[in-house]
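Down below is the structure, laid out as C-alpha cells.
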Amino acid sequence: MKRLIIVSNRLPVTVEEKNGRVRFSKSVGGLATGLSSIFNRAADRWIGWSGIYASKSFGRTLGKKLTREYGCYPVPLSQKDVQLYYEGFSNDTVWPLFHYFPQFVVYDDEAWERYVKVNKLFADTVLKVAGKNDNIWIHDYHLMLLPKMIRDRLPDAKIGFFLHIPFPSFELFRLLPWRKEIIEGLLGANLIGMHAYDYVRHFLSSVKRLTGSETNLGKIYHANRVIEVDAFPMGIDYKKFHNAIHDEKVKKYGEKIHKETKGRKLIISVDRLDYSKGIRKRLEAFEYFLSKNPEYHEKVVLIMLEVPSRVKVKTYKTLKGSIDELVGRINGKFGTIGWVPVWYLYRSLPFNELVALYKQADICLVTPLRDGMNLVAKEYIACREKSGGVLILSEMAGAASELVDSFSVNPNSAYEVCEAIKAALGTSVKEQNERIRNMQGLLAESTVQRWAALFTERLERVKVRQASLQSKALDAKSTKKIVGSYRTSVNRLILLDYDGTLMPFSDKPEKAYPDEELYDVLNELISDKKNEVVLISGRKKRELEKWFGGMKMSLVAEHGVWLREAGGSWVLAKNIKQKWKDSIRPLLQFYVMRTPGTLLEEKDYSLVWHYRTADPELIVFRKNEVTETLLQYTSNLNIGIMEGNKVVEVKNLGVDKGSAAMHFISGKIYDFILAVGDDITDEDVFRTLPSNAISIKVGIGHTNAAFILPTYNEIRAMLRKLKRSGK
Ligand code: ADQ
C-alpha cells in the first residue's frame, strides 16, 4: 500500500517527563498542522525525535505508545547526539550560514561527524518502516544527508525533501567544508522543495559548481537520475486563524489587551528569539522612531512576543542578554509613569491569546534579517477583519514575494522602518482594508493544506516522469536478447564513440587517454573476425592514430571529417573546406581570453571551444554570446555550429558522425549492428541506423537510441559480455 512517511527532526507529538511521569501533547507548529491534513495516523508514519533521550528506561514503552496511538516512530538519540547534531552542526553551523551570518558559524569536525551519524540513525528507522512504494517526505536542514542515505539502500524509493530555511548563494555555501557531501545528500531525493525561487536558483548554482551535473529548468541530471527542484511557498491553516477571531475567549482577551494598552496604537512583533529575526535592529528602529517623532510618545505601544528558542546555544544566550538590555534602555529613556513603550514577553502564548494579539494590533512589525518564509506575517493577515491593520514586512523574508500589499522595508535601515511605521499610522482604514483583502485572498487559497497536497502530488508525478525516462534502461531481459543476436550473427558492425562512452571525461581532453582495461576490451572485440569495430570520435586524427593506430579497427576523426578503414590510410570526407578557420579563429580566441577556464582546440577542419572547467554561471551567458556571434559570421559560409558535451564546435555542414556511420553501414551487409554514444553528436548516428540495429546511449536524457546504460563502466562490461558469448 502507498503510504506517506514523514521524517522531521521532531515528531508532531511533544513528549515531556515531569516528576517521573510522561506527558504527551500535540505539537502546534505550522508544519505539524499542515501535514496533519494529509497525514493518516492509522496508515501513514512519522519518524523523528520524541524529545526524550534514548537512555531513559521507559524508552521502549514510550516508542510503542507513540506508534500505536500517533503513528510515530521515534529515532533513539542520546544526549550527546542532540548536543552535537542538533545544537551543534544544525544550529551552530547550518543555521547561521544559511541565514547569512558567517560570523556565527562554528566549524567543528566532531559536530559534523555526529550529524552524519544521526542522519544514519534516521535512515535506519526509515528503512525499518518504509517500503519501496511509499512516499517518503523529509523535512529541513537537520536531515540533509538523509535522502542519499535512503537512496543508497532503497534505490527505487520515492523521496521528497523540503528545506524550510533559505538556501544561500554559492559565495556563502562554499565556506562549508562539507558542502559537497550536503549537495550529494540532498540529490538523493526525487523532488526538492524550497519556499522561494531565489533559494532554488542558489541551490541549482551550487549543484552546477560542485557536481558539474547538467541542470535545465529546475531539473538536475545527476548520477543517472533526474531530480526536480521547485519553489513551494508554504501557507498557513487560514481557516483556523480566521475563524478564531470570532471565538469568545479571543474576544475577551482582545478587550483586555485594549484596556491594558489604554486604546493606544498597538504594534506587535512575534517570533522565536533568534538573531535571524532582526529583533535588535527592530528595537533600534523603534527607538529611532520615538526619538524622531515625539508627537507619538504615549500614543503607541510595541508588544514584543519572543518564544525562547535554542536556549542552550551560546549565541542565543548572548542575544537574549542584549535584548533585555535594549528593552530596558528604551523604556528607561522614553517611558513615563503611565506609559511603557515596549512590552516584552519572553514566552510562548496559547493559540487564543496569540490570535487576540493579532486581532488587536494596528501594525504587525515583521523584520527578519533573513527568513525562509515567515508564517507570523501570514497569521497576522488571516486574523484581520474590517478594522484595517498594516503589515510591515522585511524584504528578506520568503513571504515578501507573496505578500506584495504589505509595507516592504529593508530591516537594516532604522530610517526605513521608522518611515514605514509613520506611514502605516497615517494610512486610511479604507486603504488598509484593501491591502488586507488582497493578501487574504491569496492566503485563503494557498493554505498549508494545499502546500502539502501540491508537494506530494508533484512527488508522484516526478516519479512517473522519471520512470518514463528510465524505461529505456537496458535491463537483463533486453541484454539477453542482444547477447543472443550477437551470438548467432556472422557479420557484425560495432560503432563506438570514445569520450564519455568508453572513457570518463577529464578536465583537459588530452588527459583522457585510454587505459589498459579499455585496450583489453577493444582487443577482445577485434580478435573476433566476425567483428568490424569502428571508433567514431570528435577527436583529431593525430590523437586517434597515436592511441589506436596499431589496432585492427576503423577510425573516424573530427565527427566524420576523416575516415580510416582498418589497416588503411586517412581519407577526407567530400566537400570539406578549412579556409573559413582563419576568420573564425580570432573570434574564438577573443572569447577564450575573456572567459577563464575555456580553451580553443584546433582540428584540421573544425574549431572547438571547450568550457568544461569554466564558471558554469558565466557560461550560460557566454555560450549564447559565442553562438550568436558565430551565427552572424558564418551565415554565408557552408559551416555549422554544433553544441556538444561542454563544447561549441564550428565545422563543415553536411558532415557528421551520421554520415560517417552511413559510410560503413552501406559498405557491406551486416546481420548485427550496434552503436553506442553519449552526446548529441552521437544522435546523428542513432538516427542513421537501420531499424534492426541496436543503439545505446550512455547516461540519462532524451535520445533516439533504443536503450540507456548509466556509465562507460557498464558499456565496457556489456562489450565484454558480448565477446564472451560469441566464443
Ligand atoms: P520559524 O523560524 O520558527 O520557522 P515562523 O515561520 O515565523 O518561523 O514560524 C513561527 C511559528 O511560531 C508561527 O506559527 C507563530 O505563530 C509561532 N510563534 C512564534 N512566537 C510565538 C509565541 N510567542 N507564542 C506562540 N506562538 C508563537 C521556520 C523558518 C521559517 C518558515 C517556517 C516554516 O525559519 O522561515 O516560515 O520554518 O517553514
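The values are calculated or read from the model by the stated rules, or taken from the named source; none is laboratory data. These figures come from a predicted structure and were not determined experimentally. Neighbour counts are summed over all protein chains in view; Cβ atoms, including those assigned to glycine, are modelled from backbone coordinates with ideal geometry. These area figures cover heavy atoms from the full protein model, side chains too; ligands, DNA and RNA do not enter into them. Shrake-Rupley method; radii C 1.70, N 1.55, O 1.52, S 1.80 Å.
Details
- Area projected by the alpha carbon convex hull of the stretch 4-231, averaged over all directions, nm²: 12.3
- Residue 116 versus residue 613: modelled label distance in nm, points set 7 Å from Cα along the beta carbon direction: 2.8
- Here the translational diffusion coefficient of the stretch 423-543 follows from Stokes-Einstein with Rh set to the Kirkwood radius across Cα pairs; for 4 °C and 1.567 mPa s it amounts to 61 µm²/s.
- DSSP-assigned coil residues among trypsin sites (Lys or Arg not before Pro) in the stretch 314-361, each with at most 13 further Cβ atoms within 10 Å: 347
- Beta bridges per DSSP, both residues in the stretch 4-231: antiparallel share near 35 percent.
- Between the stretch 456-489 and the stretch 328-380, the Cα center-to-center distance that results, in Å: 58
- Cα pair distances exceeding 51 angstrom across the chain, given as percent: 30
- Pairs exceeding 27 Å between alpha-carbon atoms, taken from 2/80; 277/386; 477/646; 623/697; 481/511: 2/80; 277/386; 477/646; 481/511.
- Nonlocal amide H pairs with residue 3, under 5 Å, H built at 1.01 Å: 134, 135
- Per-selection metrics, the stretch 581-652 (Cα): Rg and Dmax in Å: 11.2, 32
- Only Cα pairs under 8 Å and 6+ residues apart enter the sum, and on that basis the relative contact order of the chain stands at 10 percent.
- Calculated P(r) of the stretch 226-318 - Cα pairs past 24 Å, %: 49
- Expressed to the nearest 5 percent, the antiparallel share of DSSP beta bridges inside the chain is 35 percent.
- Loop-located trypsin sites (Lys or Arg not before Pro) in the stretch 100-162 whose Cβ has at most 10 other Cβ within 10 Å (DSSP): 132
- Annotation note: chymotrypsin sites (Phe, Trp or Tyr not before Pro) in the stretch 463-508 located in DSSP loop regions with a Cβ neighbour count of at most 16 within 10 Å are 505.
- Projection of the Cα convex hull of the stretch 579-727, averaged over all directions and equal to a quarter of that hull's surface, yields 10.9 nm².
- Classification of the stretch 238-446 by its C-alpha gyration tensor yields a rounded form. The axis ratio a/c (a ≥ b ≥ c) stays under 1.5.
- Where the stretch 238-446 is the region considered: accessible area per residue in Å², 1.4 Å probe: 44
- Taking amide hydrogens as placed 1.01 Å from N in the peptide plane, the amide H of residue 138 sits under 5 Å from those of 7, 160, 161, 162, each at least 5 positions away in sequence or on another chain.
- Residue 179 paired with residue 249, simple spin-label distance in nm, labels 7 Å along Cα-to-beta-carbon: 4.9
- P(r) of the stretch 192-233 over all Cα-Cα pairs, binned every 10 Å from zero, in whole percent: 32, 57, 11
- The stretch 80-202 - accessible surface per residue (Å², probe 1.4 Å): 33
- Net charge of Cβ neighbours under 14 Å - reference residue 317; Lys, Arg +1; Asp, Glu -1: -2
- Amide H contacts of residue 700 (H built 1.01 Å from N, in plane; Pro and chain starts excluded): 224 sit under 5 Å, all sequence-distant by 5 or more or on other chains.
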